[in-house]
Structure formats: C-alpha cells, structure tokens
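The values are calculated or read from the model by the stated rules, or taken from the named source; none is laboratory data. Only a predicted model underlies this, so the values are computations on that prediction, with no experimental measurement involved. No Cβ is skipped: glycine too gets one built from the backbone with ideal geometry, and neighbour counts run over all protein chains shown. Just so you know, the surface numbers come from the protein's heavy atoms only, side chains and all, with ligands and any DNA or RNA stripped out. Shrake-Rupley method; radii C 1.70, N 1.55, O 1.52, S 1.80 Å.
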Amino acid sequence: MTCSTPFKMRLVHLDLKGAPPKVSYLSEVFPLFHALGANGLLIEYEDMFPYEGHLRLLRAKHAYSPSEVTEILRLARLSGLEVVPLVQTFGHMEFVLKHAAFAHLREVAPFPNTLNPHEAESLALVQAMIDQILELHRDVRWLHIGCDEVYYLGEGETSKQWLQQEQNSHAKLCLNHMQAVASHVLTQHPGITPLVWDDMLRDIPQEQLKASGVPQLVEPVLWDYGADLDVHSKNFLIGKYQECGFQRLWAASAFKGATGASQALPPVEHHIRNHELWLQVAGSGPVDTLQGIILTGWQRYDHFSVLCELLPVGIPSLAACLQSLVHGGFAEDVRLRVERFLGVSSLEITDTVSEGAGSFPGSDIHALVTQISLHLRSSVDSLLERNRYVTGWFSPYHRRRKLVHPVMIQHIQPEALSLLSRWNNLVQQLEAALQPVFYPDAIEEWLEENVLPSMQRLQGLLQDLG
C-alpha cells in the first residue's frame, strides 16, 4: 500500500466499556481494519479485562477470559495490528470507584469518577491494575494510562488542605500523580512507554511542565474530535509541548462516539472533516512531528452514560476516515475505494440504506439500525400526531375516557397493526443480527433505549382501541 500519510501509526480505538464485541466478531473486523490502513489497536478494556485477586470484582458479567484476551492479541498480530492497551489511572475511574470496596479512594466522596491521589492505596490500586494488564500483554511497546477529564480534582478534603500550602497547585497535584504512575510503568516494565491524553496538560504553564519531569516520562496524545478543529492553535500547542521536552507526540481523532451521548448513527461528514483537519495539522509541521494517530470510537461517554453508535454501525465512517488518512484526503477516488471495501453502492448517509446493503462484517446491523434510527420514531409520531383520524377522533381525551366512534376503529386499526407488524419484523431481524456480535446485556440495553419507547406507544394505541 503506497502511503502518502504523515501518520506512521494509525490505531483504531476499541472502547469496551459498552457493547463489547464478542471475540468471533473481532476476528472478522481486524483483517478489514488492516486492509483499510490501520496498523494498530488501542484497546480500552475497562471492566472487560479479567482482573484477578482483590481486583476480581471489577470484572463485568461478560468480561473476557484470559484466554480470550490472548486470542484477541493473536488475531491482532495476524492482521498486522500492534496492540496498545489502555487503563484509566486517574479520571474516568467509575468502573473501579463505584464498588464499595474502593469507594474510600474517591477524590470527592459522592462522585466515583476521580481517584484521590493523596492515598498511598490509590497508587497501589492503579499499579496492580497496570501489572495485571501488562502480565497478559507481554510484548507491547506502549501503555496508555488515560489521565483525561480528571473532574473535581482538588475538591476533596485532603486536596483542599494540601492546596493551602504555598507552592502547591492543581497543576502540581495532577503532574505528581502522572509522574508516580508513569514511573511505575518505566521502572517495573522497562521498554514500555506510557501514553496520556493531553487535556489536563494543555493549560499548565510551560516552565512548570518542563520542571515537573513529566515530559521525560510520557508521550501525550493531543485529542480533538471536532469538525472545526483549529489547525493554528493545535500547531501552537504542539510547539509548546516540544519546548517542554516531550520526545514524541500523538494525535487522536474520532470516527464515532464524539457527537452526542445518545447518537445512534455517526455523522460521517463530520468525522471525515475532523481527519482532514488533522492531516492539515500534521502537514504544517516538520515530518514525523506526530508519531501516530488514534482514531477513537467511543462506545459510551463514561461508565454510566447510554450507548452511542455501535461498532458495526461505525464501520463505514471508520473506513472513510482511515482511507482519508492513507490517501491524504477524501477525494472522489477515495470514496470509490471505500465503497468497494464495504461492498456498498453509495456511501452517502441517506434514507436509502436498505436491508442487506454492504458486505462488511456487521453490515446487516448497520442497515437495520439505520432503518430504525431514521424511521421508527418518526413513523409512530406521524400516526399518533398527524393522522387525522387519530388526532380528530381518538385523542388522549378520548383514550382516557374510552370513547370512540366505532367507524373510526376501522380507519385507525389496520394502519396501526400494519405499522406494528412491520417494525416487529425488523426488530426481530435486528435482534438476530446482534446476537452473534454482542452479549445479551448490550442487546437488551440498545433495544430498550432505541426501540422500546416507540413500540410501547404504538402498542398502547392498539390496546386503547381494543
């Protein structure tokens, strides 16, 4: 593959804190990722990792077994995908701190998102998680230690007292913990370099960053998922980080999961634009300024939020983004290549995505989710709120009082029944398509969020007619 891309490493992010795919599905998509131009994976296990010992309670119900993790790594190697594991060590610690056994390590007692960095036990906990993950990932070159969105840092009681001392600041509190975690990785696991998300570093004064020693320990990942990414200010930030002494920098874009916590279909144009702007950032500095790019595909905004776009539904977007990176933009010939890879007749995200469009793994899920997301709610709304027989003769007033002109039942019922059977049929098809790819709890959650409300309104109308 001839690459005109400024990004040597192109990692696809697998966010497993929601709708984690079964290993059998990963075996189908890894070769596609590689064919599209990916050469790595960032695997964010969260509660899907088979933690042992006192950490065992972190496991989700359907957590991967150690042999499944080994199999995922084997499949990645077969497809030429270098694996970088990610473990959160500061913010986004809900999956740990929600448990009563670890609740005393919260920065702010009621909130399970941020770890209290003053407790020796906090560092021991994070070190144990890192050691267990690296035990199963023997030959990795990088470990991502998270550190993004450390909300409420400095608001705990110990922090408040600590911050009253003259030379202490929020920035120092943050850097101290990063340094402690990174030092553990470097001393206990030589040859592995820690990566961190860069948002907590952005506003720290240059001199302070430099003096902290952190630039010698970690490689920051500059993340921006916007279709309005500011190329100039990004280059300014890159310059700042380089002057602080960071040896290598990474970028992070998004192919899904970045445009709304309950988004069901990725806005492909938005994500392509985000990658085009990252190409501009990379192109306006010296070659190899950015070591690589991570294409994030968030599956939840955090441990407690709803599911956003499912992985199979995000694959056309991922394909367009990866190919844009490989070919330096999304020109017409690149669009045609993407359509060939996916077996779709047109990549336009329009209402015409019909059942069976596409031949990529999970294309049936993509087609059915598209149908449901675009038409289920609107078709039910249209019947309940715009059908003249329903609005004129079977209003909520009538329904509460069980009043209806018998002839109106003949006008309303057949249409409602045919709508219900059409959607029941599609939802059954979707359930059948989801079962080989996802575990039961993820399927239940997606259907309950995206299908059930409309179906219940429709069934309610029919019950009242009866």
Practice problem: Note down the magnitude of the dipole of region 341-466 about its Cα centre, charges +1 on Lys and Arg C-beta and -1 on Asp and Glu C-beta and zero elsewhere, to the nearest 20 debye. | Solution: 900 debye
Practice problem: Compute the label zone of T158 within region 70-106: residues whose backbone N is under 12 Å from the point 7 Å along Cα-to-Cβ. | Solution: 104-106
Quiz item: What residues qualify as long-range amide H neighbours of W142, i.e. H under 5 Å apart, gap of 5 or more or another chain, H built at 1.01 Å from N?
Solution: T193
Practice problem: Can you tell me the 0 to 90 degree angle between the C-alpha axis of helix 311-327 and the longest principal axis of the chain, rounded to 10? | Solution: 50 degrees
Quiz prompt | M408 - accessible surface, heavy atoms, 1.4 Å probe, Å² rounded to 10 | solution = 20 Å²
Practice problem: Provide D203, D198 ordered by accessible surface of protein heavy atoms (probe 1.4 Å), highest first. | Solution: D203, D198
Practice problem: Over the chain, give the accessible area per residue in Å² for a 1.4 Å probe, as an integer. | Solution: 42 Å²
Quiz item: What ranking do 131-137, 36-42 get when scored by the average of other Cβ atoms within 10 Å per residue, highest first?
Solution: 36-42, 131-137
Quiz item: Counting only Cα, what are the radius of gyration and maximum Cα-Cα distance Dmax of region 36-195, in Å?
Solution: 16.5, 54
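All other residues with a Cβ under 9 Å from the Cβ of P50 taken together, and with Lys, Arg as +1 and Asp, Glu as -1, what is their net charge? Please list the in-between numbers first.
Values: positive: R56, R59; negative: E52, E68.
Summing Lys/Arg as +1 and Asp/Glu as -1 gives 0.
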Quiz item: For the chain, what does -39500 (n - 2.57) per DSSP helix run (n ≥ 4), summed and divided by total residues, give at 222 nm, in deg cm²/dmol to the nearest 500?
Solution: -14500 deg cm²/dmol
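From largest to smallest, what semi-axes in whole angstrom does region 244-348 give when each is the square root of 5 times an eigenvalue of its alpha carbon gyration tensor? Mind showing how you got there, number by number?
Values: eigenvalues 116, 87, 17 Å².
Three semi-axes, in Å: 24, 21, 9.
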Quiz item: Separation between the K210 and H398 pseudo-spin-labels, each 7 Å from Cα along Cα→Cβ, expressed in nm?
Solution: 7.7 nm
Quiz prompt | Per-selection Rg to Rh, region 363-465 - Cα, Kirkwood hydrodynamic radius | solution = 1.06
Quiz item: From the residues L249, G285, A261, which one has its Cα farthest along the dipole of region 182-294 in the positive direction, the dipole being from +1 and -1 charges on Cβ of Lys/Arg and Asp/Glu about the Cα centre?
Solution: L249
Quiz item: Just one of (1) 169; (2) 179; (3) 215 is volume of the Cα convex hull per residue in Å³ calculated from these coordinates, so which is it?
Solution: (1)
Exercise. Could you check the simple spin-label distance between N168 and Q463, using points 7 Å along Cα→Cβ, in nm with one decimal?
Key: 5.7 nm
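Counting only protein heavy atoms, what percent of the accessible surface of region 1-145 is carbon or sulfur at a 1.4 Å probe? All intermediate terms of the calculation are to be shown ahead of the outcome.
On the way: 2820 of 5110 Å².
For region 1-145, the apolar C and S fraction of the accessible surface comes to 55 percent.
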Quiz item: R0 = 45 Å: FRET efficiency of V231 with E52, Cβ-based, nearest 0.05?
Solution: 0.50
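When ranked by the protection proxy of mean other Cβ atoms within 10 Å per residue, highest first, what sequence do the peptides 379-392, 160-173, 287-300 form?
Working: 379-392: 14.7, 160-173: 12.9, 287-300: 21.5.
With the highest mean Cβ count within 10 Å placed first, the list reads 287-300, 379-392, 160-173.
Considering only protein heavy atoms and a probe of 1.4 Å, how much of the accessible area of region 244-363 is carbon and sulfur, as a whole percent? Intermediate results must be reported in sequence, preceding the final value.
Working: 2070 of 4150 Å².
For region 244-363, the apolar C and S fraction of the accessible surface comes to 50 percent.
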Quiz item: How are the C-alpha pair distances of region 182-240 spread across 5 Å bins, as whole percents from the shortest bin up?
Solution: 4, 15, 24, 23, 15, 11, 5, 2, 0
Quiz prompt | Cα-based radius of gyration of region 86-132 once divided by 2.2 N^0.38 Å, which approximates compact folds | solution = 1.00
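What order do you get for 432-439, 274-281 when each peptide is scored by the mean count of other beta carbon atoms within 10 Å, highest first? Spell out each step's value before the answer.
Values: 432-439: 18.2, 274-281: 22.0.
Packing order, densest peptide first, comes out as 274-281, 432-439.
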